[in-house]
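A short reminder: the numbers here are calculations on the coordinates, not readings from a lab. Just so it is clear, the structure is predicted and the values come from calculations on it, not from any experiment. Glycine also receives a Cβ, built like all others from the backbone with ideal geometry; neighbour counts cover every protein chain displayed.
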Amino acid sequence: MNEKVLLAILGSPHVNGTTATMLDYAIHKAEKIGYNVTRINLYEKNLSYCTGCRACMNTQTCIQKDDIQEIVMWLQKCQMVLLAAPVYWANIPAPVKNLFDRLLGTAMEETSTFPKPRLRGKKYMLLTSCNTPSPLSWIFGQSSGAIRSMDEFFKTAGMKPIGKIVCTGASNKKELPKQTIKKIERCMK
Ligand SMILES: Cc1cc2nc3c(=O)[nH]c(=O)nc-3n(C[C@H](O)[C@H](O)[C@H](O)COP(=O)(O)O)c2cc1C
């Protein structure tokens, strides 16, 4: 039987925060349905900034030698990616944005019209948390801003969403809300 590989990326500096707890729960569910999980804490990785050289459009991997090669290897090998990142300024934290920049040529090929996806068929799930309560978080573009940024990368790469889950009003919550748990369970079947 083929191994089912899942790449789980934590894009938060808080290893015990709300976002990490969401990721841990999704990993737990994924393992139950047979995924072999590799977990990467982005804040522990050595990743230089994208220099915009665009060499990766030909090589499909960034030519700067640091921890990006390991991430590219897992991204190409896996069947599913879980990305968990908190809302920072109605967007994503800088290391997550830099990861996307570093993965330009891994995710897509340039053509004279639309970009051609290079990670077609893989699945992804997005997890985020923010302090703004619902529905203000969505109306004022807080969580929707972060989800949109993350979605742009995976959609362009040709991947299929299985869930986009937001935990709002996170500063008032000691545990994951039942609703958030249920949503993760529903997606991870
Ligand atoms: C630099 C920074 C920017 C933030 N920007 C927003 C924001 O725009 N909207 C919001 O609702 N919460 C914002 N927050 C709050 C975080 O999204 C919230 O605390 C989140 O739950 C943190 O998750 P974590 O502890 O799992 O990393 C921000 C926090 C930081 C540190």
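Among (1) surrounded by fewer than 20 Cβ atoms within 10 Å (Cβ to Cβ); (2) in contact (Cβ under 8 Å) with a residue 24 or more places away in the chain; (3) within 10 Å of the ligand (Cβ to nearest atom), which single condition is A94 missing?
The one condition A94 does not meet is (2).
Checking the structure you have, find out if any residue of the stretch 112-131 is surrounded by fewer than 20 Cβ atoms within 10 Å (Cβ to Cβ), more than 20 Å from M159 (Cα to Cα), in contact (Cβ under 8 Å) with a residue 40 or more places away in the chain and in contact with a helix residue (DSSP H, G or I) (Cβ under 8 Å, 6 or more places away or on another chain).
Taking every residue of the stretch 112-131 in turn, at least one turns out to be surrounded by fewer than 20 Cβ atoms within 10 Å (Cβ to Cβ), more than 20 Å from M159 (Cα to Cα), in contact (Cβ under 8 Å) with a residue 40 or more places away in the chain and in contact with a helix residue (DSSP H, G or I) (Cβ under 8 Å, 6 or more places away or on another chain).
Need at least 1 residues that are within 22 Å of A20 (Cβ to Cβ) per element, so show me which helices (runs of 4 or more DSSP H) inside the stretch 73-189 make the cut, counting only ones lying wholly within it.
94-102, 136-139, 142-156, 178-187
What's the number of the only condition in (1) near the ligand (Cβ under 9 Å from one of its atoms); (2) in contact (Cβ under 8 Å) with a residue 40 or more places away in the chain that N16 fails to meet?
Status for N16: all satisfied but (2).
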